[in-house]
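Below is one structure, written out as structure tokens, with a few remarks after it.
The values are calculated or read from the model by the stated rules, or taken from the named source; none is laboratory data. This is a predicted model, so every value here is computed, not measured. Cβ placement follows ideal geometry from the backbone for every residue including glycine, while neighbour counts extend to all protein chains displayed. Just the protein is used for accessible areas: all its heavy atoms, side chains included, with ligands, DNA and RNA removed. Shrake-Rupley method; radii C 1.70, N 1.55, O 1.52, S 1.80 Å.
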Amino acid sequence: MDALHEFCLRMGDNTLVLGHRVSEWCGHSPVLEEDIALANTALDLIGQTQMWLGLAAEIEGQGRTADDLAFLRDAWDFRNLLLVELPNGDFGQTMMRQFLFDTWHHAMLTALAGSSDDRVVAIAAKAVKEASYHLERSAGTVIGLGDGTAESHARMQAALDLLYPYYGEMFAADATDTALAAAGIAPLPESLRASCDVRLRQVTEEATLTLPASSFAHSGGKTGARHTENLGHILTQMQWLQRAYPGATW
Amino acid sequence: MVAPRPDPVEIWAWLDAVPDPEIPVISVVDLGIVRDVAWDDGVLTVTITPTYSGCPATSLIATEIESALRAKGIDRLRIDRRIFPPWTTDWLTEKGRARLESYGIAPPRAAGGPERCPRCGGSDLERISQFGSTPCKAQWRCRDCLEPFDYFKCI
Ligand SMILES: [Zn+2]
């Protein structure tokens, strides 16, 4: 089914691009415990990528593997949300991005664990366990830093102001989403919005942060129509080895 | 001549001697990674499941299982990976839990945290981080003996 193939690319590209972004922190975090937590989060996300892109490759049926899809597609073939390709910024911005993503990701995986497609259920049931730990940590960190010092509060508010316009894309539907919802494979994205909004309000309130008034949302990542310039820069790093030395293995 | 086929019960016992590469005091069976052992038309199929989806030890575990079984003379062998139902710490064996604790890693508990310090048995504990040296562990500290320790977190 074409819609399911597209959906697997979207899920897998989200975890691939965010996993790569988070891994950029390896060895650079403010404290050792956070470095370890970020590295483990990145590892979970890359593991989930193998499952989603593996299923995408299987549905595609052209003999490609998850690795081929990750390392040999170009920017216009990527289907990740704009949010996950944005630069890390400071630690607070990275954690705010993670929290916004985790909020949606956890809700999406929970819904997918009840999918009509067994392969989707298997991936989601495994990934949601990991996503619960990601969400617990990112929400806790947003609260700790938002309700922290004047400096950390200001940085978290700036991060929220910067990233909130990228929150809405997670809940926007297109023909792929409608087809999948009709087949009972995936939820309509907007059906996840209410519960995500509740969590977002709860956490930002406890973090003493103010949600921006405008609900304007950038779009174009998950459809592949309009990525930011950041994606190409990520790919030059992530795909360099396979591009320079095609077929290289360990 | 048809080679004798070892009984799956015996094969489970062999697998119980294959150490987890990251926590060598417990076996891959203790960890609940081996889900099934079955003969299928003369081919032994061992079904394994990853702990965390990105756990780098998973492929190493498959290799170690394979070489352990080949050393026992099984040469027609297939390792299947299964992700559903997802791995859970409920699958840790009692033997595995006891060994974890004597090794210095507090075993998982439904309550979401360790029962006691694996070093001194103290109960005044605090969580440092929900993430630790491997995907399956969290970092805790004992306020009685002041030592940090690993906790095998519930999933
Ligand atoms: Zn102690």
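Stretching residue A:158 away from residue A:28 to a fully extended chain increases their span by 44.7 nm, per 0.36 nm per residue minus the current alpha-carbon distance.
Accessible surface comparison of B:40, A:68, A:13, probe 1.4 Å, protein chains only, largest first: the order is B:40, A:68, A:13.
Helices that extend 20 Å or more along their long axis by alpha-carbon positions and average at least -1.0 on the Kyte-Doolittle scale are, among the DSSP H runs of chain B, B:57-71. Using θ = phi - 60° in the Karplus curve 6.51 cos²θ - 1.76 cosθ + 1.60, the 3J(HN,Hα) couplings for region A:72-80 round to 10, 8, 9, 3, 5, 8, 7, 10, 7 Hz; x is entered for Gly and Pro. For chain A, averaging the sequence separation of C-alpha pairs within contact (under 8 Å, six or more residues apart) and dividing by the residue count gives a relative contact order of 25 percent. Charges were assigned to the Cβ only: +1 to each Lys and Arg, -1 to each Asp and Glu. The resulting dipole of region B:1-143 about its Cα centre is roughly 460 debye. Placing pseudo-labels 7 Å out from each Cα toward the beta carbon at residue A:249 and residue B:59 gives an inter-label distance of 0.9 nm. Under the criterion of Cα pairs below 8 Å and six or more residues apart, the relative contact order for chain B equals 18 percent.
Using the Cβ-Cβ distance between residue B:35 and residue A:191 with R0 set to 35 Å, the FRET efficiency works out to roughly 0.55. Label-to-label distance for residue A:242 and residue B:77 is 3.0 nm, based on points extended 7 Å past Cα in the beta-carbon direction. Taking every DSSP beta bridge that has both ends in the protein assembly as shown, the antiparallel portion is near 70%.
Relative to the longest principal axis of the Cα atoms of chain A, helix A:150-163 runs at roughly 40 degrees. Applying 1/(1 + (r/R0)^6) with R0 = 41 Å to the Cβ-Cβ distance of residue B:67 and residue A:2 gives a FRET efficiency near 0.45.
Mind running the shape call on the protein assembly as shown? Use the C-alpha gyration tensor, a ≥ b ≥ c as the square roots of the eigenvalues: rounded below 1.5 for a/c, prolate if a/b tops b/c, oblate otherwise. Cα axes put the protein assembly as shown in the oblate bin. For residue B:27, the residues whose modelled amide H falls within less than 5 Å of its own, excluding neighbours fewer than 5 places apart on the same chain, are B:20.
Toward the positive end of the charge dipole of chain A, with +1 on the Cβ of Lys and Arg and -1 on the Cβ of Asp and Glu, the farthest Cα among A:66, A:231, A:131 is that of A:66. Summarising the amide proton neighbourhood of residue B:80: residues at separation of 5 or more, or on other chains, whose placed amide H is nearer than 5 Å comprise B:46, B:47, B:48. From the alpha carbon centroid of region A:1-50 to that of region A:107-171 is 12 Å.
Using heavy atoms of the protein chains and a probe of 1.4 Å, the accessible area assigned to residue A:72 is about 80 Å².
In debye to the nearest 20, how big a dipole does the protein assembly as shown give about its Cα centre with +1 on each Lys and Arg Cβ and -1 on each Asp and Glu Cβ?
With Lys and Arg at +1 and Asp and Glu at -1, about 300 debye.
Rounded to the nearest 10 degrees, the angle from helix A:32-60 to the longest Cα principal axis of chain A is 30 degrees. Backbone geometry of region B:19-31 corresponds, through the Karplus equation with coefficients 6.51, -1.76 and 1.60 at θ = phi - 60°, to 3J(HN,Hα) couplings of x, 5, x, 8, 10, x, 6, 10, 9, 5, 6, 3, 6 Hz, x marking Gly and Pro.
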